[in-house]
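The numbers here are math on the coordinates, done by the rules we state, and not lab data. Worth saying up front: this structure is predicted, and the values here are computed from it rather than measured. Note: ideal-geometry Cβ built from the backbone for every residue, glycine included; neighbour counts use all protein chains shown.
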Amino acid sequence: MRAGVIGAGIGGLAAACLLRQRGYEVDVYEKEALPGGRALTIDAHTSLETYRQLLERFDMWVPFARPSLEDIFAGGLEGYRLDLGFHLMGGGDQAAPMQILSSLGIKQDIIGSRLGFIGESVDYPYLSLTDKLAMLPRIMQLLLSRKKTIAALERVPMSETIQKYGRGKMKLTLELFPRLITTVNDLHRISTGETFWAQRELMGSHPVSYPVGGLGSLARNLAHWLEGHGGRLLHREVEKVVIDRGTARGIVAETEEDYDLVVSNLPAQDTFTIADPDAFPAPYVREMKSLEGTGSLCAWYALNHLDSWLLGKAFTFIEREAGVEGNDAAGMIDFKTACPETALAPSGKYLVQAYIICTPEEARDPATAARLREVLDRHLTRLVPRWEQHLEWALYPAIWHLDGMAKTIDRPKPDVVTPVRHFYLVGDSTKAKGVGINCAADSARVLMQKLDAPG
């Protein structure tokens, strides 16, 4: 049995490895020089021209940089490694990417932490043991109410759940974590059920984590395992999926190759750039083409001094009256990337990542980006009062495709199984648990379950 995988993002590579583990002959097609898709890490060897090409390729731009991009790439990146955007994994060692790596016998070190909160005061951790015990009856009431399963809550907007159950710290928790989990600010669009699936990951001792070596280390480890076990990573751009009488039969990329199944790791809404829409039911095509991703303004701050108490921690915030869809905007400032063991910065230097959520349209708007940049800088000042005195450089990438598709109550994600036989979707655009790379990796596991299902 032969499998062709289109795209070497986390979802595509995870699916390829799991298929190879099951005995499939696997080819992965990736047009970029580096594997990982949006989950890749650049360094001083990356030219400004290449960086700009990656930005364009992955629906990003850099509205602000201190100093200029030209100056930063002229030598300021020496010794640094940074991801394209903001990324963390939920769930620590139990996160879907970590579980897949473990099943393959791959060791990946991570740095995990609890979450703090920047409000009237700076609290770390955000939820104390007392808070958790106080909220437990409410949480159980939500889960055991007349809507007896989480699935039954999928059509209930988070705004309604807050109105019913939101009191004190519980109200703030329900305003904050659903936004972080879905990368959507508008609580009327966020599904209570979908949020509860992922929110359990944020209740443990290390709810968020970051891979040592940068996010790209996940992709490199998966690609190395695949090639070391007989799979092939082909740096070719796919022209089309061969579909004959409702069945996917191959891939055209310079030459035509026959496959028993084809897996696409492209954003779901881009499916018809490689597959003939006439091979699919018209309603399915319309729905897929209407899907939209999520947006954010990210920031990378390179500092030459940082108080040691911040190392390894992450702090969330909500900016009220932010002038965005949903009115308030949630975000995070993360110092796990500043830990020396991540090897992301030269000795004595520290790399801090941050982001604030917005819509794709807001991410493209210079005026909105300017407002959100000020919010990020102001919240960093709460944690590092004199950070500008210690600034080496800063990049503020805006992205309107942070996740392949916004997971909202009015726009559910598509299944990994498509109407075309033997043609499947994986990645963070698909219906799987979690968000971002967690969703991407879990989609590969969902695909294996679908392939194992009888019939």
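With viscosity set to 1.567 mPa s at 4 °C, what whole-number translational diffusion coefficient in µm²/s follows for region 232-386 from Stokes-Einstein and a Kirkwood radius over Cα pairs?
Here the translational diffusion coefficient equals 67 µm²/s.
If amide H atoms are built 1.01 Å from N in the plane of the peptide, which residues on other chains or at least 5 residues away come under 5 Å of the amide H of residue 259?
Excluding prolines and chain starts, which carry no amide H, the hits are 250, 251.
Relative to a virtual label point 7 Å from the Cα of residue 57 in the Cα→beta-carbon direction, which members of region 15-32 show backbone nitrogen distances below 18 Å?
28-32
Rounded, prolate or oblate: pick one for region 60-141, where a ≥ b ≥ c are the square roots of the eigenvalues of its C-alpha gyration tensor, a/c under 1.5 means rounded, and failing that, prolate if a/b is larger than b/c, else oblate.
oblate
When Lys and Arg each count +1 and Asp and Glu each count -1, what net charge do the other residues less than 12 Å away from residue 233, Cβ to Cβ, add up to? Kindly include the intermediate steps, with their values, before the conclusion.
Values: positive: 20, 31, 220, 232, 236; negative: 27, 30, 32, 227.
Cβ neighbours under 12 Å give a net charge of +1.
Within a 10 angstrom radius of the beta carbon, how do 101, 129 rank from fewest other beta carbons to most?
129, 101
So for region 315-455, Kirkwood radius off the Cα pairs, Stokes-Einstein at 4 °C and 1.567 mPa s: how many µm² s⁻¹? Mind showing how you got there, number by number?
Values: Rh = 17.8 Å.
Taking Rh from Cα pairs, D becomes 73 µm²/s.
Can you check what the net charge comes to around residue 452, using other residues whose Cβ is under 13 Å from the Cβ of residue 452 (Lys, Arg +1; Asp, Glu -1)?
+3
Ranked highest first by the average count of other Cβ atoms within 10 Å around their residues, in what order do 263-271, 86-94 fall? Write down the numbers at each step before the final one.
Numbers: 263-271: 25.2, 86-94: 22.1.
Going by the mean number of other Cβ atoms within 10 Å, highest first, we get 263-271, 86-94.
Just the number, please: percent antiparallel of the DSSP beta bridges in the chain, rounded to the nearest 5.
75
Provide the gained length on full extension for the span residue 44 to residue 66, in nm with one decimal, where the gain is 0.36 nm per separating residue minus the Cα-Cα distance. Display every interim value, and only then the final one.
Working: separation 22, 0.36 × 22 = 7.92 nm, distance 1.67 nm.
The span from residue 44 to residue 66 would gain 6.2 nm if fully extended.
Report, to two decimal places, the Cα Rg of region 202-292 normalised by 2.2 N^0.38 Å (N = number of residues).
Working: Rg = 17.7 Å, N = 91, 2.2 N^0.38 = 12.2 Å.
It is 1.45.
Which entry in (1) 4, 15, 19, 16, 13, 10, 9, 7, 4, 1, 0; (2) 4, 19, 27, 26, 18, 6, 1, 0; (3) 4, 21, 32, 26, 13, 3, 0 is this structure's computed P(r) over Cα pairs in 10 Å bins from 0, in percent?
(3)
Under the definition of Cα pairs under 8 Å and six or more residues apart, what whole-number percent is the relative contact order of the chain?
24
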